[in-house]
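The numbers here are math on the coordinates, done by the rules we state, and not lab data. These numbers come from a predicted model, not from an experiment. Every residue, glycine among them, receives a Cβ derived from its backbone with ideal geometry; neighbour counts consider all protein chains shown.
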Amino acid sequence: MAPHENKCESCGAALPNVGAICSNCDDALRSAEIATAKHLCPVCAQGFNKPIYERCPRDTKWFMPTQVKPTCPHCHSFMRDRKSPRLTPKQTLAFIVATVAVYGLVPQSHHKSALALLLATYVIANMLRIEKNVSPQNRYARDGA
């Protein structure tokens with residue numbers, strides 16, 4: 001009898017060595033994983049059902065400002081959620097400054113109406129950032145960070 005030949009257990013194709021992975025079966029498994037995955041990573045194109053959330057930027061000192069962003073569970077690259085986006089830090093800062101300005105510049109009798117107007121502007125700004133007609137697989141896009 002011939003010595004043990006390196007063959008794939010699934011399809012029986014010859015393999016170059018004992019630790020090798022059959023490329024045909026590996027491609028089939030990847031495509032099956034992508035087909036059943038809820039979302040696709042925009043960087044590595046691997047499928048996942050739920051992103052993980054990490055601090056951005058990574059490895060910063062405890063006193064530096066960070067935010068939490070969705071990341072791919074496979075390649076750990078930061079992603080941007082296209083269905084429920086966040087305002088940029090500059091836009092958020094502008095709303096904070098405007099709120100403080102309302103208390104300093106607007107008469108007290110008009111505080112409630114000015115703050116209601118700011119709140120409406122904030123909600124509209126968030127709604128305008130939501131991308132329409134995005135499939136669940138393409139919900140996440142590359143992040144600029």
Order of 71, 92 - criterion: other Cβ atoms within 10 Å of each residue's Cβ, fewest first: 92, 71
Excluding exposed DSSP-loop GluC sites (Glu not before Pro) (at most 11 other C-beta within 10 Å), longest clean stretch of the chain: 10-145
Gaussian network model of the chain, springs between alpha carbon atoms under 10 Å - residue of 118, 105, 93 with greatest fluctuation: 105
Placed amide H near residue 15: partners under 5 Å, 5+ positions off or other chain: 6, 7, 8
Compactness of the chain, expressed as Rg and Dmax over alpha-carbon positions, Å: 24.9, 97
Sparse-neighbour loop sites [trypsin sites (Lys or Arg not before Pro); region 95-133; at most 15 other C-beta within 10 Å; DSSP]: 132
Under 12 Å from residue 69, Cα to Cα: aspartates and glutamates that are on another chain or at least 8 residues apart: 54, 81, 143
Average Cα contact separation per residue, the chain, under 8 Å, 6 or more apart, as relative contact order %: 23
Candidate lysines for bridging to residue 112, where Cα separation is under 27 Å - those fewer than 8 sequence places away on the same chain excluded: 90
Highest-MSF residue in the chain out of 77, 135, 113 [GNM, Cα springs under 10 Å]: 113
